[in-house]
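Here is the structure we will look at.
The values are calculated or read from the model by the stated rules, or taken from the named source; none is laboratory data. All values derive from a computational prediction rather than experimental measurement. Positions of Cβ are backbone-derived with ideal geometry, glycine not excepted, and every protein chain shown enters the neighbour counts.
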């Protein structure tokens with residue numbers, strides 16, 4: 001290992017056996033074994049459950065390799081089941097790799113779940129000393145930190161109360177405070193800020209930035225909150241199906257994670273089995289959206305999204321129209337576009353309409369669209385009839401200079417959509 005490298009992961013694999021290992025009793029294990037010998041159904045298998053083959057395996061991690069330098073803050077992101085928590089458990093030595101090698105230089109403090117290592121019957125103060133002992137610290141070292149831990153956790157009033165009586169918010173505050181203040185070289189954090197309130201989350205991020213910058217601690221942070229990844233991390237690693245698919249710039253990594261191949265999958269969207277919002281009138285129903293004249297749903301400036309909307313009427317509607325609300329990667333509404341060509345639709349009939357939308361004002365990125373069919377009532381009020389999210393996913397690449405005088409971010413109006421057929 002190089003002098004400044006504190007974690008080196010070399011071709012690490014972690015394999016698990018699928019299904020239940022052991023029936024819980026000797027009698028149950030013998031019954032299952034005798035059934036397998038005779039090629040019969042296992043009498044201890046629950047009705048309706050999937051039966052896995054005896055040697056069926058699952059690769060949680062498949063050849064992961066990367067290194068981490070001292071003082072780096074690494075964001076580890078990926079979908080559920082990508083292998084993030086498994087990797088942190090290997091680094092924490094909770095479990096061992098099936099293949100490969102992990103080399104670590106320094107003392108590790110980890111929070112893999114809220115309050116990992118806390119005993120519910122012990123008080124907050126006692127658990128602080130217990131965690132210190134687990135990390136190899138003596139009583140004198142914990143004594144030097146205890147007041148800072150209590151102050152940061154905002155739990156001074158309850159510090160001598162058993163933690164089983166803490167709320168989930170108090171629990172995570174104390175657990176994070178202990179992990180952040182005890183003497184360690186490497187901090188492993190797995191979704192630790194999901195429970196705390198917004199003010200405490202900001203306080204935690206500031207603390208992690210401070211310990212990385214001023215104290216030289218190394219942080220590996222797992223989260224599905226991309227905003228905290230942006231605020232905290234200097235490098236991003238993206239996992240998918242147990243493999244590293246990206247290791248580098250934070251924004252680029254977040255883009256790869258959020259895109260997740262949806263752009264090519266949304267040229268045609270069938271809404272037959274989609275969830276419908278419960279506040280809609282259900283007078284009409286959208287059946288599908290199809291992007292026309294494109295093989296991949298990517299657009300540059302001055303290109304227009306041309307798409308076909310299919311819908312059917314369940315009741316007569318006199319003034320029906322269509323709008324699209326465009327969300328960015330952070331699920332924030334970035335732009336809105338409305339078609340003001342009103343239609344009259346009859347009960348029981350199906351319709352097809354082709355629309356065009358200019359997305360030139362948008363910045364580069366991947367966008368998810370909420371399409372909404374709405375009607376105008378007798379007094380001019382807007383009543384939403386049907387909506388599906390995401391009804392369309394597209395990517396826009398900015399090829400011209402941004403006009404910073406215009407409002408390109410936030411909820412702004414694009415040019416009106418045109419109904420051409």
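Could you pull out the residue among 101, 121 that is in contact (Cβ under 8 Å) with a residue 40 or more places away in the chain and not in a loop (DSSP other than H, G, I, E, B)?
101
Take the residues in the stretch 267-279 that are buried (at least 18 other Cβ atoms within 10 Å of the Cβ) and not in a strand (DSSP E or B), then tell me which one is modelled with the lowest pLDDT.
Within the stretch 267-279, the match that is modelled with the lowest pLDDT is 267.
Which condition does residue 232 not pass, out of (1) touching a strand residue (DSSP E or B) at 6+ places or on another chain (Cβ under 9 Å); (2) surrounded by fewer than 17 Cβ atoms within 10 Å (Cβ to Cβ); (3) closer than 25 Å to residue 106 by Cα, if it passes all the others?
(2)
In the stretch 1-40, which residue that is modelled with pLDDT of 75 or more and in a loop (DSSP other than H, G, I, E, B) is surrounded by the fewest Cβ atoms within 10 Å (Cβ to Cβ)?
This residue is 39.
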